[in-house]
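Step one of this worksheet: look at the structure below.
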Amino acid sequence: MGERIQNIMASVSSGKFMNMTMNITCLVISKLLLVAFPIAQISIGAKYLKECPQQNYIPVYLLVCGVFSMALFLLTCLPCGQSDNPALKCLYTIWNSLVTGFTFCWFIAGSVWIYSIYPPNYNSTVVGEPYCNKTLYLFAFWTTTKIRLLINMVFVTDTLFVCSSIFTGRLRILLGLLPTVIIGLGAKHIHDCPKQPMVPIYLLVGGIACLIIQILPCLFCCQSNGQPGLLCKILTNLLLLFCLIWLVTGTVFVYMAYEPKYEFRLSADYCERTVYKFAFWITTAIYVFILLLLLGYCCSWSQKLYYRRAQKKCHIMTIS
């Protein structure tokens, strides 16, 4: 007993006990913050469930988000993730992947519902005009925006550590932020292009597909060595094929509507200037990039063919 007390006193004097206490305190505080956020979502979603006729799904979005976030938190507390039983560990991974995948898809859907009515009408006394409770909408708007920024920060941080050159790093940062901009723009102006209503939908769906391609390697589809698994490769290739088909389809939507009217909102030929110009130039830029990529591939192939012929000719001359 005396020896044990001496060991404790020695650990306290060396500072190890203090460090252990600080680590436990930080862990408890972080866990409490992680629990408080889903509870706030559930509370606000339930309290204002009927107070957003302008978009009825916003309180439902908060409610479901809070429930599934709480489920994810509880999953992290279960010991089965670190179990030596392969069946139990596999079941835990599958369940965790399903909950994470659903939460991500639900987050994308909620972003569309929130940004599509921005800014909403907060005045409930106006007859004949739907409204949305201010507390409910602002809470949903800012929490969703902060989560999107957090996702982008993760990509940016990963880029800063992985990229070997400043130019490549900046390019990857821009590519990481681009899907978020596309989704926000398409959702915000979802009803602002009567001449071709599919233009904002083209942006929205394309942005979601690109964002899923970026996040897919993080959703438990990688092997233990860090390389993407077979399922991850199949899903990525299917999404890339879909993006190519959607690009061709969106090209028809965008170029067939050229050039809409930007001033008269009540006109059948109207399309919001920002959303159409963005869709037009981003589509054109993708085609220019593909063309440059093909030209670079052709030049590289021609150069390799020239070197092979030159080496073959030198070999023949050496033999002769």
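So here's what we get for this one:
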| quantity | calculated |
| --- | --- |
| Selection count where residues are closer than 23 Å to Val99 by Cα and buried (at least 22 other Cβ atoms within 10 Å of the Cβ), scope segment 44-65 | 6 |
| Segment 259-273: number of residues that are aromatic (Phe, Trp, Tyr) and surrounded by 11 or more Cβ atoms within 10 Å (Cβ to Cβ) | 2 |
| Check on Val156, part of a helix (DSSP H, G or I), surrounded by 13 or more Cβ atoms within 10 Å (Cβ to Cβ), modelled with pLDDT of 80 or more and not small (Gly, Ala, Ser) | no |
| Tabulated pairs, segment 224-241, first among the charged types (D, E, K, R), second surrounded by 15 or more Cβ atoms within 10 Å (Cβ to Cβ) and at pLDDT below 80, C-beta under 7 angstrom, 6+ apart or interchain | none |
| In segment 189-202, the residues that are touching a Phe, Trp or Tyr at 6+ places or on another chain (Cβ under 7 Å) and assigned to a helix (DSSP H, G or I) | Met198, Val199, Tyr202 |
| Residue match in segment 289-304 (condition: modelled with pLDDT of 80 or more, of a type outside the set (Ser, Thr, Tyr) and under 23 Å from Ala109 (Cα atoms)) | no |
| Residue match in segment 219-232 (condition: of a type in the set (A, V, I, L, M, F, W, C) and modelled with pLDDT of 85 or more) | no |
| Filter result (in contact (Cβ under 8 Å) with a residue 60 or more places away in the chain and buried (at least 19 other Cβ atoms within 10 Å of the Cβ)) within segment 191-205 | Cys193, Gln196, Val199, Pro200, Tyr202, Leu203, Leu204 |
| Those residues of segment 91-145 which are hydroxyl-bearing (Ser, Thr, Tyr) and not in a helix (DSSP H, G or I), in sequence order | Ser116, Tyr118, Tyr122, Ser124, Thr125, Tyr131 |
| Ile215 at pLDDT below 85 and of a type in the set (A, V, I, L, M) | yes |
| Qualifying residue in segment 247-263 (condition: out of contact with any Leu (no Cβ under 6 Å at 6 or more places or on another chain), assigned to a loop (DSSP other than H, G, I, E, B), modelled with pLDDT under 85 and aliphatic (A, V, I, L, M)) | no |
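Rundown of residues vs (1) polar (S, T, N, Q); (2) in contact with a Gly (Cβ under 6 Å, 6 or more places away or on another chain); (3) under 18 Å from Lys188 (Cα atoms); (4) at pLDDT 80 or above, yes/no style:
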position: Tyr57; (1), (2), (3), (4): no, no, yes, yes
position: Cys65; (1), (2), (3), (4): no, no, no, yes
position: Leu78; (1), (2), (3), (4): no, no, no, no
position: Asn96; (1), (2), (3), (4): yes, no, no, no
position: Ala109; (1), (2), (3), (4): no, no, yes, yes
position: Asn121; (1), (2), (3), (4): yes, no, yes, yes
position: Val126; (1), (2), (3), (4): no, no, no, no
position: Pro130; (1), (2), (3), (4): no, no, yes, yes
position: Ile147; (1), (2), (3), (4): no, no, yes, no
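The values are calculated or read from the model by the stated rules, or taken from the named source; none is laboratory data. This one's a predicted model, so the numbers in the text were calculated from it and none came from an experiment. Methodologically, a virtual Cβ is constructed for each residue, glycine included, from the backbone with ideal geometry; neighbour enumeration extends over all protein chains shown.
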